[in-house]
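Below: the structure, in structure tokens.
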Amino acid sequence: MTQQLSIDLYSDVVCPWCWVGKRRLERVLRELPEVTAEIRWRPFRLRPDMPPAGEDWREIIETKFGGAERAAMMFARVAEAGRTEGIDFAFDRITRSPNTMNAHRLLLWAGASAWPLAEALHAAYFVEGRDIGDRDVLVTVADEAGLDAAAARDMLDGDAHAAEVVASQREASRLGVTGVPFTVLAGRLGVSGAQPPEVFREAIRQALANG
């Protein structure tokens, strides 16, 4: 018998662990054909105060982790985790740390296509080093993901979905979310971080059992 499960994934497209966590969650769901999941993208901006044009990526990272050497150690760890999920991070290609408001707006606008678009945005940033804070880049990525480029540009030229992005951040704060990825199963069971598949599998089991 098919079991229904709602999943809210609070995430940011410039969070490498969010991509790893997304891949792990999707892998677990593929292994559970009896579960029909409705996955909703929930915007969470790691830097809501980021200037519209973004900032130099290397300066931010070295400041955050206390120097280039410590930053390199952290990225080696996430790169190793990524490889197990088929992700080839290329951190050396990144030059800008973008403001992700428009990327989140685009994902909300994409609706049912949000997940392939999220995959494309992660790849554009972490593998290709593209500036996903740039509207032209966002429109191109949307087009590459099979969405209507002209409609995407029209949406980005306005302020559609901006209030929803802000509301999602506020709701995350209400739930006590301070970092991402953060997964909410069936509206009540939270899983923090890019947990190993077995942790997601057990959390899904518990969420369904308590439904």
Pull up the range 52-62, narrow it to residues that are without any contact (Cβ under 8 Å) to a residue 60 or more places away in the chain and surrounded by 11 or more Cβ atoms within 10 Å (Cβ to Cβ), then point me to the one that is farthest from the chain's Cα centre (by Cα). GLU62
Please pick out the residue among VAL165, VAL191 that is of a type outside the set (Lys, Arg) and in a helix (DSSP H, G or I). VAL165
The range 179-193, subset under 21 Å from VAL35 (Cα atoms) and out of contact with any strand residue (DSSP E or B) (no Cβ under 7 Å at 6 or more places or on another chain), residue surrounded by the most Cβ atoms within 10 Å (Cβ to Cβ): LEU189
What is the number of the single condition among (1) under 18 Å from the mean Cα position of the chain (by Cα); (2) assigned to a helix (DSSP H, G or I); (3) in contact (Cβ under 8 Å) with a residue 24 or more places away in the chain that ASP131 does not meet? (2)
Any residue at all in the range 68-82 that's of a type in the set (Val, Ile, Thr), at pLDDT 95 or above, part of a helix (DSSP H, G or I) and surrounded by 12 or more Cβ atoms within 10 Å (Cβ to Cβ)? yes
Return the residue satisfying two criteria in turn: it lies in the range 1-51 and is aliphatic (A, V, I, L, M) and touching a Pro at 6+ places or on another chain (Cβ under 8 Å), and of such residues it is surrounded by the fewest Cβ atoms within 10 Å (Cβ to Cβ). MET50
Positions within the range 86-122 being part of a helix (DSSP H, G or I), farther than 26 Å from ALA167 by Cα and either without any contact (Cβ under 8 Å) to a residue 24 or more places away in the chain or of a type in the set (Asp, Glu) (or both), in sequence order: ASP92
Within the set of pairs 6 or more residues apart or between chains, which connect a residue that is touching a residue at least 40 places away in the same chain (Cβ under 8 Å) and part of a helix (DSSP H, G or I) inside the range 195-208 to a residue that is of a type in the set (S, T, N, Q) and surrounded by fewer than 18 Cβ atoms within 10 Å (Cβ to Cβ) with Cβ atoms less than 6 Å apart? LEU208/GLN3
Being closer than 15 Å to ARG205 by Cα and in contact with an Asp or Glu (Cβ under 8 Å, 6 or more places away or on another chain), is that true of even one residue in the range 6-25? yes
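The values are calculated or read from the model by the stated rules, or taken from the named source; none is laboratory data. In this text, all values refer to a predicted model and were calculated from it rather than measured experimentally. We place every Cβ from the backbone using ideal geometry, glycine too, and count neighbours over all the protein chains shown.
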